[in-house]
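**Student:** Once you've had a glance at the structure underneath, I'll fire off some questions.
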Amino acid sequence: MLTEFGKAFIFILMAIIFVVGIVYLSKLIRPSRPTHEKLKTYECGENPEGSPWIKFNIRFYVVALIFLIFDVEVVMLIPWAMVYKDFGITGFLVGGIFLVLLGLGMAYEWRKGDLEWEKPKVVPPTLNKAKIKPDVEKELVEA
């Protein structure tokens, strides 16, 4: 007699065998006629320019992660909106506090500049020799 874990194991094993079998079967029966057009990288209907193996700026990943974080938090508002009347003013205030914290997080990201596509280039400070006192300049030359 199988336990519940045994039944789950058999179910997962059958699912894996089914997926691998279907992929292998489709590889056997499909036609294989690669052409130059089929082997090109597809970029949403646009003609690709350059190599597909370029390094992306980390800003794209940061913006995507920020989007996911705020998107998931906003999705959490749907259940709250459905049942906040059942909890009265307390349920409404909890949702309001959540929205205020969400707004503060968005303001923080905006103020920090993480939502900007282009950051201003950092110009390193330069040493202006005209402002250096002559005695300090002599010490620098002697050293």
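The values are calculated or read from the model by the stated rules, or taken from the named source; none is laboratory data. In this text, all values refer to a predicted model and were calculated from it rather than measured experimentally. Cβ: placed from backbone, ideal geometry, glycine included. Neighbour counts: every protein chain shown.
**Student:** Taking Lys27 as the residue in question, decide whether it is surrounded by fewer than 10 Cβ atoms within 10 Å (Cβ to Cβ) and touching a Gly at 6+ places or on another chain (Cβ under 8 Å).
**Tutor:** no
**Student:** I need the full set of residues from region 1-60 which are β-branched (Val, Ile, Thr), farther than 30 Å from Glu116 by Cα and either in a helix (DSSP H, G or I) or in contact with a Leu (Cβ under 6 Å, 6 or more places away or on another chain) (or both), in order please.
**Tutor:** Of everything in region 1-60, those that are β-branched (Val, Ile, Thr), farther than 30 Å from Glu116 by Cα and either in a helix (DSSP H, G or I) or in contact with a Leu (Cβ under 6 Å, 6 or more places away or on another chain) (or both) turn out to be Ile10, Ile12, Ile16, Ile17, Val19, Val20, Ile22, Val23, Ile29.
**Student:** Also: Exactly one condition in (1) at pLDDT below 90; (2) more than 30 Å from Gly113 (Cβ to Cβ) is false for Glu73; which is it?
**Tutor:** (2)
**Student:** While we're looking at this one, here's another question. Considering region 34-67 alone, what residues qualify as being acidic (Asp, Glu) and surrounded by 10 or more Cβ atoms within 10 Å (Cβ to Cβ)?
**Tutor:** So the first thing to find is which residues in region 34-67 are acidic (Asp, Glu), and the list is 37, 43, 46, 49.
Once the filter is applied, which keeps residues that are acidic (Asp, Glu) and surrounded by 10 or more Cβ atoms within 10 Å (Cβ to Cβ), region 34-67 yields only Glu43.
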